[in-house]
Amino acid sequence: MLSSRPLISRSSLRILHIPRIAQRDNTRASFSTFTVRLQQNKTMAERPTGLKAISGIELLTFPTPNGVKASILLEELKEAYGKEYTMQAIDIRTNVQKEPWFTKLGPNGRIPVIVDHDQGGFAVQEGLAILSYLTRHYDPDHKFSFTDPFDISRAEQWMAWQHGGLGPMQGQANHFNRFAPERIPYGMQRYTGETERLVGILDNHLKDQDYLVGNKYSIADIASFGWVNGLRFAGVDIDRFPNLKAWAERILARPAVAKGLAVPFDMGLGNDQYLKKLEDDREFAEKEKALAEQIQAAKEKYGYKYASP
């Protein structure tokens, strides 16, 4: 059984006041009034009003765990094949993703969306579909995908698992632990606990292999990495899952991954950044300690016991 020590962090968030917005992005967590320190970023200076490229892939995104799926793979394709792409920052805090020009491309009104100008302006929404589309069309050597039909299926299974499980549950943990207008203990322990259960599945699967499918880094890994990279922020101590932590460190060491996480800017919510923030900012550390205690109290109130699967 997992220990209950407070999980709190040292992250280099960079601080900016994120204004209240009515809509939620793909993380299924409202950004309400959380403060992060962001550097002034030129990419966010102008509000997009439509597409700007006429050829190649155009990426419309924001650096959420779902958003970085597309940017990481595009950076990998750029490094592996020289495949350039155009990016527009979609500031979800301003609801630009709900405007008609955007929803014409991504009817769900959420990021990321890509547009393939070399295929008649074909648009793809949803991270899982984007990963599949890009490798199907632009990964001829299958450096990030597979040719064996069983491995193709295995990758699809892990991507579907993330899309229907880890992302939604961790997004709800973020919401109930940080952004809900009131702390609801049942929601806090329910979604933090379910995130831990799902993380345990990954950790167990990785005990005898370096990557999720075929012992090879692929889109199956990219799909879950953005979420795993933000586990501490969600109230889950990745140190309790050593196989998963080692996997995340292997992926984070890839230059293209570091670049992809910074598109259009680095949100600063990664596990290592969170720990550094704890070290550097006493006020932040005190608030995080209080939050960890609230999560633990919620677990005790409802008799939470870790189990996976």
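The values are calculated or read from the model by the stated rules, or taken from the named source; none is laboratory data. All values derive from a computational prediction rather than experimental measurement. Methodologically, a virtual Cβ is constructed for each residue, glycine included, from the backbone with ideal geometry; neighbour enumeration extends over all protein chains shown.
Return the total of residues in the stretch 233-279 being in contact (Cβ under 8 Å) with a residue 60 or more places away in the chain, of a type outside the set (A, V, I, L, M) and farther than 25 Å from Ala290 by Cα.
Residues meeting the conditions: 7.
Identify, please: which residue in the stretch 142-157 is under 23 Å from Glu79 (Cα atoms) and either touching a Leu at 6+ places or on another chain (Cβ under 9 Å) or of a type in the set (Gly, Ala, Ser) (or both) and is, among those, surrounded by the fewest Cβ atoms within 10 Å (Cβ to Cβ)?
Restricting to residues being under 23 Å from Glu79 (Cα atoms) and either touching a Leu at 6+ places or on another chain (Cβ under 9 Å) or of a type in the set (Gly, Ala, Ser) (or both), the top hit is Lys143.
Looking only at the stretch 83-112, which residues are among the β-branched types (Val, Ile, Thr), within 20 Å of the chain's Cα centre (by Cα), closer than 18 Å to Gly127 by Cα and not in a loop (DSSP other than H, G, I, E, B)?
Ile92 - this is the single residue of the stretch 83-112 that is among the β-branched types (Val, Ile, Thr), within 20 Å of the chain's Cα centre (by Cα), closer than 18 Å to Gly127 by Cα and not in a loop (DSSP other than H, G, I, E, B).
Is there any pair with a first residue in the stretch 283-309 that is basic (Lys, Arg) and a second that is surrounded by fewer than 14 Cβ atoms within 10 Å (Cβ to Cβ) whose Cβ atoms are under 7 Å apart and which are 6 or more apart or on different chains, and what are they?
From residues that are basic (Lys, Arg), the pairs are Lys305/Met1.
Taking the condition at pLDDT 95 or above, within 27 Å of Asp203 (Cβ to Cβ) and among the β-branched types (Val, Ile, Thr), does Thr135 pass?
The answer is yes for Thr135.
So Glu288 ticks every box in (1) of a type in the set (D, E, K, R); (2) crowded, with 23+ Cβ neighbours inside 10 Å; (3) over 14 Å from the mean Cα position of the chain (by Cα); (4) within 30 Å of Met87 (Cα to Cα) but one. Which box is left unticked?
(4)
Given (1) more than 17 Å from the chain's Cα centre (by Cα); (2) of a type in the set (A, V, I, L, M, F, W, C); (3) more than 24 Å from Lys259 (Cα to Cα), where does Val213 come up short, assuming only one miss?
Val213 satisfies every listed condition except (3).
Report whether or not Ala220 is of a type in the set (A, V, I, L, M), at pLDDT 95 or above and in contact with a strand residue (DSSP E or B) (Cβ under 6 Å, 6 or more places away or on another chain).
So Ala220 passes the test.
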